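A.B. asks: Below is a structure I'd like to ask you about.
The values are calculated or read from the model by the stated rules, or taken from the named source; none is laboratory data. Because the structure is a prediction, the values reported are computed rather than measured. Here the Cβ positions follow ideal geometry from the backbone for every residue, glycine too, while neighbour counts run over all protein chains shown.
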Amino acid sequence: MKEGLAPRAERLSNWDAESCDEVVYLTKTYGLHFAANARKNDSEDLVIIEIDTDLLPDQEKLLADEDALWFAWKAGVIKPNEVEEYIYDQPQEKQVQWFAGFLEDFSSLGCTWDWSLKTLGNCTYLGIIPPSAITRIVTYEAKTGWWVAFHDPQIAPSNFKFCGAEYEATQLVVAGRLDQAKNVKMMFPMVLGLDDIDEMCRAHRTGLQTFEATPALSV
């Protein structure tokens, strides 16, 4: 963490649809899900890294997530003339990869990082996230898969529309922010309450580091 969070670059992607190697992926909803998939093996701890986007040095480097773009294209929000014709005949993972290569282009068309967060709960940052933007690091033991009891999301705009607030509140609890989580307005009652989830998290948490916020330098 001394040098910040860097894109995966030449490291292999964790997904069938290869992710963009120039961005860091951010989420306000699926932190545990992505942390579980990022592990090299099941015995590794889950690591949740919280950042404050207001502390990033270049706000223009915040971009949409390619999955949000793909869903928008399938829903007709992104028009046919805004994509290359050949991708229509490609499998889904290749289509998603195509969008990953044009994140900046679609940002200029209105598919911004903020739009992406509101559509799917995810966004990206082009380049390295400096240590000064990291506000908290939380780790959890993961051998038993305990988090699946309350966090096993289906990542799609249709599900996010109804469950996004629940996922957001849950992620705040995971980050050790129960009081803030209780201020999130949810569409439906949760099966497990936030206090119950907090108790589970405390039982499996192996570390919680907080860092003093550092104002971003303009570029």
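A.B. asks: Name the single residue that is farthest from the chain's Cα centre (by Cα) among those in the range 141-160 being more than 23 Å from Gly121 (Cα to Cα) and not hydroxyl-bearing (Ser, Thr, Tyr).
C.D. replies: Lys143
A.B. asks: Do you know which residues across the range 123-146 are more than 28 Å from Leu56 (Cβ to Cβ) and either of a type outside the set (Gly, Ala, Ser) or modelled with pLDDT of 95 or more (or both)?
C.D. replies: Glu141, Lys143, Thr144, Trp146
A.B. asks: Can we say Ala72 is of a type in the set (Gly, Ala, Ser), under 17 Å from the mean Cα position of the chain (by Cα) and not in a loop (DSSP other than H, G, I, E, B)?
C.D. replies: no
A.B. asks: Sort out which residues of the range 168-179 are surrounded by 13 or more Cβ atoms within 10 Å (Cβ to Cβ) and free of Cβ contacts under 8 Å to residues at least 12 places away in the same chain, and write them in order of number.
C.D. replies: Within the range 168-179, Arg177 is the sole residue that qualifies.
A.B. asks: Evaluate the range 14-28: report whether one residue or more is more than 30 Å from His204 (Cβ to Cβ) and either part of a helix (DSSP H, G or I) or touching a Lys or Arg at 6+ places or on another chain (Cβ under 7 Å) (or both).
C.D. replies: Within the range 14-28 (the criterion being more than 30 Å from His204 (Cβ to Cβ) and either part of a helix (DSSP H, G or I) or touching a Lys or Arg at 6+ places or on another chain (Cβ under 7 Å) (or both)), the answer is yes, since at least one residue qualifies.
A.B. asks: Considering (1) surrounded by fewer than 16 Cβ atoms within 10 Å (Cβ to Cβ); (2) free of Cβ contacts under 8 Å to residues at least 40 places away in the same chain; (3) outside any helix (DSSP H, G or I), say which one Ile78 fails and leave the rest.
C.D. replies: (1)
A.B. asks: Does any residue of the range 79-92 turn out to be charged (D, E, K, R) and closer than 25 Å to Asp152 by Cα?
C.D. replies: no
A.B. asks: Another question, then. Which of the following residues is of a type in the set (A, V, I, L, M), within 24 Å of Glu66 (Cβ to Cβ) and exposed (fewer than 14 other Cβ atoms within 10 Å of the Cβ): Ala149, Ala165, Ala156?
C.D. replies: Matching residue, one of Ala149, Ala165, Ala156: Ala156.
A.B. asks: Quick one: what pairs do we get from the range 29-41, first residue touching a residue at least 60 places away in the same chain (Cβ under 8 Å), second among the hydroxyl-bearing types (Ser, Thr, Tyr) and surrounded by 22 or more Cβ atoms within 10 Å (Cβ to Cβ), C-beta under 6 Å, 6+ apart or different chains?
C.D. replies: Within 6 Å, the pairs are Thr29/Tyr167.
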